[in-house]
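Visitor: Here you go, one structure.
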Amino acid sequence: MRLGVEETLGALNAALGPGGPVWFKETRARHLRVRDFLAPRRALEARFGDDQVPERVVHAIVGLQGPGVAPVLSCAPTPAGLALQLRRSAVFERVLGAVAAYAAPTVPAAPGPRVVLHCPALRGSPCALRLSQLRAVLVADHLARALHAHRVSVRLVPAVRDPHMPTFLQQLRVDWPAASERAATEALRSRALAELTPARNAEALPPGALGRVYLKELVDERGRTTGYDPKLDSCLVTEDLLAVLAELQQAVQDWAEDSSLGLAAAPDAGADSCMVVHVVSCEEEFQQQKLDLLWWKLDDQAPLRQKHLVCGPVKVAGAPGTLTAPEYYELRHAQVCKASALKRGRDLAQDSAWMEIFRVLSVATIKFEMLSTAPQSQLLLALADSSISTKGTKSGTFVMYNCARLATLFESYKCSMEQGLYPTFPPVSSLDFSLLHDEHPSPPQGEWLLLFNSILPFPDLLSQTAALPCTAPGLHITARTEMVCKFLVQLSMDFSSYYNRVHILGEPRPHLFGQMFARLQLLRAVREVLHTGLAMLGLPPLSHI
């Protein structure tokens, strides 16, 4: 079984006896010089009084064992609290001897709830897509990838119908289905006609409108405690609105027939066993609330759990608020091409291989800009050329640059091996991971920093990204879709710092090969984690930039 941060923290807290969690994992390099976990002094005083932690408790902590629990080297009181350090060589050996287990999501023992992800912004055309709607599309796509990776059965709605939208989504590396045929609306139409309220004061109905359905009863029944807008009074029922409902209805009713994921249908494949998550921009939420209530009004089998993941507004510094999603993409693509031409001293527009790299870099820039902020928060975009620089440590371009550096490193090793300078890579089981220590005093623990902050906690991070609070009360739901981008940026910063300080491929001397291979195995794990994280964003790894 793989070692886990959550499992280790759980065992440490249990060893202290009854009470809330006390221990936390250290992440800063200066703290990792002396400890890996800390139980703060004040928290211990609240638990044990002014007395010291009993010796038997400290002894039990040092001897901790269990599934997923990392081996402990020492545990001692310090002015900051109870400081714990792991047996780092043993942790290196366990983790780097099973890289695949740490570079992939943890598959849950039991399947989670079935999820319908609904993104209303995809019903229009690309040229009408506002930046706030683009943000909702990218959040929905990223969330779908995270759920799929954890074997959650997901249906994506709507299937796009605009003839230009599939090409634009492909350009953005968004994986979303295209429409084949329209869902039948007859049953919903009949129910709607029965629920219509006679027009008041000879109200003129617009073309395609059937009439108005009043929703005040449902708002009073469901809305007061769940977050529906109290101003919701009625909904103008149109043929287009019924088509939207019919597609959502079909996604729930025909679940068992969807074999696209290769998953067996759940035994309880009724509407109550699934959750519908509407991923909407803040401008779309009011209309979506109407749609929710109308679905409940017209369909007795509508899912009881409908949640809204509302994406905050997108503000653009120094640009008009009318910038569309395609214009935003073209701006970023032009900036990437311009930066590359300046760097290399020539225009690469006629080179198809380089143009594909530029397209990937453009999308990476956009996705990291749109997804690095929690989806509920306002997002401020800066459109300056500096956003696409490989020197800035916060951009998608910086992450892709370090991905390419890793690829170049392993390609250099391969070429040197073929020339006879280095031996072939030995079996991982024969590597001596006690040789992994940072010989440079400042900053310290570069190798441990990479393993402890990036590789070891990665499966837990992926699980948190895919976690949806299904049973939480209320209409609104939160998602941690910013976590992967932030993680990849921090990983790239730590790797870049380490790579700039440590010469991985050293002199071809036999007595140096042991440390070189141990370091290469560490960076293999970094590479695999980085590739998995990029895949969660729909981004391919790059071999050069």
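Visitor: Defining a contact as two alpha carbons under 8 Å apart and six or more residues distant in sequence, what relative contact order in percent does the stretch 277-373 show? Walk me through the numbers on the way to the answer.
Guide: On the way: 56 pairs, mean separation 23.2, N = 97.
With pairs under 8 Å counted, the relative contact order is 24 percent.
Visitor: Angle check, please: helix 325-344 long axis (alpha carbons) against the longest principal axis of the chain (alpha carbons), in degrees 0 to 90, nearest 10.
Guide: It is inclined by approximately 30 degrees.
Visitor: Can I ask one more? Using +1 at the Cβ of each Lys and Arg and -1 at the Cβ of each Asp and Glu in the stretch 5-86, identify which of ALA43, THR78, LEU16 lies farthest towards the dipole's positive end.
Guide: THR78
Visitor: In whole angstrom, and with the biggest value first, how far do the Cα coordinates of the stretch 136-222 range along each principal axis?
Guide: Between the extreme Cα coordinates on each principal axis of the stretch 136-222 lie 51, 34, 23 Å.
Visitor: Seen from all sides and averaged, what is the projected area of the convex hull of the Cα atoms in the chain, in nm²? Show your work: numbers first, answer last.
Guide: Values: hull surface 126.1 nm².
Taking the Cα atoms of the chain, their convex hull projects to 31.5 nm² on average.
Visitor: Further, regarding this structure: By a straight-distance test (C-alpha under 29 Å), which lysines pair with LYS231 as possible cross-link partners, with residues fewer than eight away in the same chain excluded?
Guide: Answer for LYS231, where 29 Å is the Cα cut-off: LYS216, LYS290, LYS297, LYS307, LYS315, listed by chain and number.
Visitor: With each label point set 7 Å from Cα along the Cα-Cβ vector, what nm distance links THR322 and GLN464?
Guide: 4.2
Visitor: Still on this structure, I have one more. Let me have the relative contact order for the stretch 116-200, percent, based on Cα pairs under 8 Å that are six or more residues apart. Can you show the working numbers first?
Guide: Working: 69 pairs, mean separation 26.3, N = 85.
Worked out over the stretch 116-200, it gives 31 percent.
Visitor: Within straight cross-link reach of LYS486, meaning Cα distance under 19 Å, which lysines are found once same-chain residues fewer than 8 apart are removed?
Guide: Correct list for LYS486: LYS25, LYS367, LYS391, LYS394.
Visitor: With each run of n ≥ 4 DSSP H residues scored as -39500 (n - 2.57), what mean residue ellipticity at 222 nm is computed for the chain after dividing by its residue count and rounding to the nearest 500 deg cm²/dmol?
Guide: Values: 18 runs with 231 residues, N = 545.
It comes out at -13500 deg cm²/dmol, rounded to the nearest 500.
Visitor: What does a probe at ALA90 reach in the stretch 513-527, counting residues whose amide N is under 15 Å from the point 7 Å along Cα→Cβ?
Guide: Counting backbone N atoms under 15 Å from the label point, the list is empty.
Visitor: Once the whole set of protein chains is in place, how much accessible area is left on CYS337, using a 1.4 Å probe, in Å² to the nearest 10?
Guide: It works out to around 30 Å².
Visitor: Helix 186-195: angle to the longest alpha-carbon principal axis of the chain, degrees 0 to 90, nearest 10?
Guide: Its long axis makes an angle of about 60 degrees.
Visitor: Next question, about the same structure. Can you tell me the FRET efficiency between ASP300 and THR226 if r is taken as the Cβ-Cβ distance and R0 is 22 Å, rounded to the nearest 0.05? The partial results should precede the final answer.
Guide: Working: r = 19 Å, r/R0 = 0.88.
Efficiency at R0 = 22 Å is approximately 0.70.
Visitor: Let me ask something else about it. Sorting GLU369, GLU6 by accessible area (1.4 Å probe), largest first, what list results?
Guide: On the way: GLU369 35, GLU6 100 Å².
Sorted by accessible area, descending: GLU6, GLU369.
Visitor: Order LYS486, LYS367, most accessible first, counting only protein heavy atoms with a 1.4 angstrom probe. Kindly include the intermediate steps, with their values, before the conclusion.
Guide: Values: LYS486 115, LYS367 5 Å².
Largest accessible area first, the list is LYS486, LYS367.
Visitor: Given the whole protein assembly as supplied and a 1.4 Å probe, what does the accessible area of ARG33 come to in Å², nearest 10?
Guide: Probe radius 1.4 Å; accessible area of ARG33 about 130 Å².
Visitor: Note the angle between two axes, namely the Cα long axis of helix 510-535 and the longest principal axis of the Cα atoms of the chain, as a number of degrees from 0 to 90, rounded to the nearest 10.
Guide: It is inclined by approximately 10 degrees.
Visitor: Pull up the DSSP beta bridges for the chain and report the antiparallel fraction as a percent, rounded to 5. Please report the intermediate quantities before stating the final value.
Guide: Working: 19 of 41 bridges.
Taking every DSSP beta bridge within the chain, about 45 percent pair in antiparallel fashion.
Visitor: Next question. Heavy atoms only, probe 1.4 Å: what % of the accessible area of the stretch 8-114 goes to carbon and sulfur, would you let me know? Intermediate values should be presented prior to the final figure.
Guide: Details: 3160 of 5620 Å².
Result for the stretch 8-114: 56 percent of the exposed heavy-atom area is carbon or sulfur.
Visitor: In cubic angstrom, how much convex hull volume per residue do the alpha carbon atoms of the stretch 5-86 span?
Guide: Numbers: hull volume 7.1 nm³, N = 82.
Hull volume normalised by residue count: 87 Å³.
Visitor: While we're looking at this one, here's another question. Can you give the Rg and Dmax of the stretch 409-545 based on its C-alpha atoms, in angstrom?
Guide: Rg and Dmax of the stretch 409-545, Cα atoms, are 18.3, 65 Å.
Visitor: Considering the dipole of the chain built from charges on the beta carbon (Lys and Arg +1, Asp and Glu -1) around the Cα centre, which of GLN170, VAL484, THR27 is farthest to its positive end?
Guide: The residue sitting most towards the positive pole is THR27.
Visitor: Let me ask something additional. Going by amide H atoms built from the backbone, whose H comes under 5 Å of the H on HIS476, apart from near neighbours?
Guide: HIS308
Visitor: If you plug each phi of the stretch 102-110 into the Karplus form 6.51 cos²θ - 1.76 cosθ + 1.60 with θ = phi - 60°, what whole-Hz ³J(HN,Hα) values come out, in order, with x for Gly and Pro?
Guide: Each residue's phi maps through the Karplus curve to give 9, 9, 9, x, 7, 7, x, 5, 10 Hz.
Visitor: Right, another one. Using 0.36 nm times the number of residues separating ALA109 and ASP347, minus their current alpha carbon distance, what extension gain do you get? Please report the intermediate quantities before stating the final value.
Guide: On the way: separation 238, 0.36 × 238 = 85.68 nm, distance 5.25 nm.
Contour length minus the Cα-Cα distance gives 80.4 nm.
Visitor: Now for a different question. Any idea of PHE48's accessible area? Nearest 10 Å², probe 1.4 Å.
Guide: Approximately 50 Å² for this residue.
The values are calculated or read from the model by the stated rules, or taken from the named source; none is laboratory data. In this text the structure is predicted, and so the values were computed from the model without any measurement. So basically every Cβ, Gly included, is an ideal-geometry build from the backbone, and we count neighbours across all protein chains shown. Side chains are part of the model used for accessible areas, which takes the heavy atoms of the whole protein and leaves out ligands, DNA and RNA. Shrake-Rupley method; radii C 1.70, N 1.55, O 1.52, S 1.80 Å.
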